[in-house]
């Protein structure tokens, strides 16, 4: 209950700051159908780099998309494979706290089982709340076929 209130207050503050900051900016025209709670935009980001700066850039992209559309109007999924998997392991992640925070804000993280197999990791090594599939690249392909917008920053 308290977390929900705090989350609502934070989102209202972000929304107010966004309105003030973008008063003079040109707004992106939203395509039809407009995103809604029942039909949110579905955006998938690729995470395949182990570079902490690139990882953080992708996490900032996720936050910026939630700010722009509103948390109820967008689903964000970050699919990691290859070196990007380092961000999702409990012991190796340079951004573990950020990922744990974003999980609380409904950002989905999906890891690659093939990468885990190749690097002798297991699903038990993943940050709690991170899901996994056997083939991260196949997850991207199949998600695109189901209507997800794919971004490879």
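The values are calculated or read from the model by the stated rules, or taken from the named source; none is laboratory data. In this text the structure is predicted, and so the values were computed from the model without any measurement. Neighbour counts are summed over all protein chains in view; Cβ atoms, including those assigned to glycine, are modelled from backbone coordinates with ideal geometry.
Does residue 14 satisfy the criteria of being part of a helix (DSSP H, G or I), at pLDDT below 95 and touching a helix residue (DSSP H, G or I) at 6+ places or on another chain (Cβ under 8 Å)?
yes
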Could you please find all residues in region 23-57 being touching a helix residue (DSSP H, G or I) at 6+ places or on another chain (Cβ under 9 Å) and not in a loop (DSSP other than H, G, I, E, B)? 41, 42, 43, 44, 45, 46, 47, 52, 54, 55, 56
